[in-house]
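Comments concern the structure below.
The values are calculated or read from the model by the stated rules, or taken from the named source; none is laboratory data. Here the structure is a predicted model, which means the values were calculated and not measured. Reconstructed Cβ throughout: ideal geometry from the backbone, glycine too, with neighbour counts over all protein chains shown.
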Amino acid sequence: MHDDRDLAFGTLAVHAGQEPDELTGAVAPPIYQTSTFAQDGVGRPRRGYDYARSVNPTRDRLQRAVAALEGGGEGIAFASGSAATAAIAELAPPASEVVVGDDVYGGTYRYLERVRRPNGVDARYVDLAGDPDALWEAMTERTRLVWFETPTNPLLKVIDIAAAARTIRERFGDAPGRPFLVVDNTFASPALQRPLDLGADIVFHSATKYLAGHSDTVLGVAVTRDPAVAERLRFLQNAAGAVPGPFDCFLVLRGLRTLHLRVERHVANAAAVAAFLASRDDVGWVAHPGLADGPHAHPQTAVVRAQMTGGTGMISFRPRAGGAHGRTAAERAVAIAEATRIFTLAESLGGVESLIEVPAQMTHLSVAGSPLQVPDDLIRLSVGIEAVDDLIADLGAALDAS
């Protein structure tokens, strides 16, 4: 039996959590669509399975698989990425604080501000991709979590994970109660980036996105190598009950088997689309971690090269005012998003199909009026795996018509 660490990522993606069924040898393991399990005696569950909120063989496979893809540790699956967010946020007790990157998913901001803050947990939002001293200056003795996305949503900033981990350890050492470093890896996936290898304590995903990859399920998953953190998250998983159903776990497991192939195509297509957008005079700003040259070169290119193996399938851009109808930039953004034929106007990301949205009115409406408010002319693309020439033609036509 090979140690997982000896296997290439593509091999792990196909095989992790997908061992043939122990009972029959079925190469496609069965879905354990059950709510409860027969016990061998009072208080003697068979192989530890008693009730499906607590444990389920299909969920166990998914948790093992994602942990293996993230480089080891323990996986804990939840009913959604937001449920994973809520469980992780519970690691910060009342009267503590969380240092958060200043560009995050609107739902994360909403949960921290409207659920945790009223319960005595303060969130402080800091640009962690800019000033290298910002994290040191932001942390206090009350800080229990340092939390960020990289690449960020929707501005696609890239934050140096290893540098953040070093800063926390230089400030707090191994003292009990030092802040945990939490990295949302949704925009990259472990195919491009492994935060635990770079010093993160917890990595989590909205598995709805790249991990599942087909826009047909909602699920979240966290991974940690810290046994105490894993135990706490498993307790919260069971106690709060926000667990995924077996069929949802199966859908993510099936998606993982092609993750490496899909992400390779997402990244290649996004690089070509980003280059096309950067070449247009009527586009004023393009953000894509794969853009290394020219006026739209990503400001954290060195960090991208150091911690990622590719640029991601996400792009954000802002059109200039004017266009065919003399519109404002915000009006053009809406017109472009409503005019594409192949890019579907929808929230979410990471599926095989290309999506387009205007974050200020859709995924990030929760941050309107806050310091995290996003520009109203910002367009976010999730570039799918279609033929890239068709994607470029679709965007070009929408830009020309706007």
* Structure fact -> Exactly one of GLN18, GLN39, GLN33, GLN63 is in contact with a Ser or Thr (Cβ under 9 Å, 6 or more places away or on another chain) and not basic (Lys, Arg), and that residue is GLN33
* Going by the structure shown, is THR58 touching a residue at least 60 places away in the same chain (Cβ under 8 Å) and under 20 Å from VAL367 (Cα atoms)? -> no
* Asked: Here are some residues: THR208, THR186, THR152, THR143. Which one is modelled with pLDDT of 95 or more, over 23 Å from HIS288 (Cα atoms) and not assigned by TED's automatic domain parsing to the domain that holds VAL367?
  -> THR143
* Pick from the stretch 138-150, criterion of a type in the set (D, E, K, R) and either in contact with a strand residue (DSSP E or B) (Cβ under 8 Å, 6 or more places away or on another chain) or part of a strand (DSSP E or B) (or both), ranking: surrounded by the most Cβ atoms within 10 Å (Cβ to Cβ) -> GLU149
* **Considering residues of the stretch 376-402 that are buried (at least 17 other Cβ atoms within 10 Å of the Cβ) and not hydrophobic (A, V, I, L, M, F, W, C) only, the residue farthest from ASN269 (Cα to Cα)** => ASP376
* Take the residues of the stretch 333-368 that are among the β-branched types (Val, Ile, Thr) and assigned to a helix (DSSP H, G or I): which is nearest to SER82 (Cα to Cα)? -> VAL367
* Asked: Can you spot a residue in the stretch 242-249 that is surrounded by 22 or more Cβ atoms within 10 Å (Cβ to Cβ) and either more than 20 Å from TYR49 (Cβ to Cβ) or touching a Ser or Thr at 6+ places or on another chain (Cβ under 7 Å) (or both)?
  -> yes
* Asked: Residue check: is ASP216 touching a Leu at 6+ places or on another chain (Cβ under 8 Å), among the acidic types (Asp, Glu) and in a helix (DSSP H, G or I)?
  -> no
* Within the stretch 1-107, strands (runs of 3 or more DSSP E) holding 1 or more residues that are under 30 Å from ALA129 (Cβ atoms) and in contact with a strand residue (DSSP E or B) (Cβ under 6 Å, 6 or more places away or on another chain) -> 74-78, 97-101
* Asked: Does ARG380 satisfy being assigned by TED's automatic domain parsing to the domain that holds SER279 and in a strand (DSSP E or B)?
  -> yes
* **Residue satisfying condition, being part of a helix (DSSP H, G or I) and aliphatic (A, V, I, L, M), within set ALA222, ALA230, ALA200** => ALA230
* Looking only at the stretch 293-313, decide whether some residue is more than 27 Å from ASP160 (Cα to Cα) and part of a helix (DSSP H, G or I). => no
* To do: Give the stretch 136-160 a look and list any residue that's more than 30 Å from ASP377 (Cβ to Cβ) and touching a residue at least 24 places away in the same chain (Cβ under 8 Å), or say none.
  => TRP136, MET139, THR140, ARG142, THR143, ARG144, LEU145, VAL146
* **Which numbered condition LEU112 fails, given (1) farther than 30 Å from HIS15 by Cα; (2) surrounded by fewer than 22 Cβ atoms within 10 Å (Cβ to Cβ)** => (2)
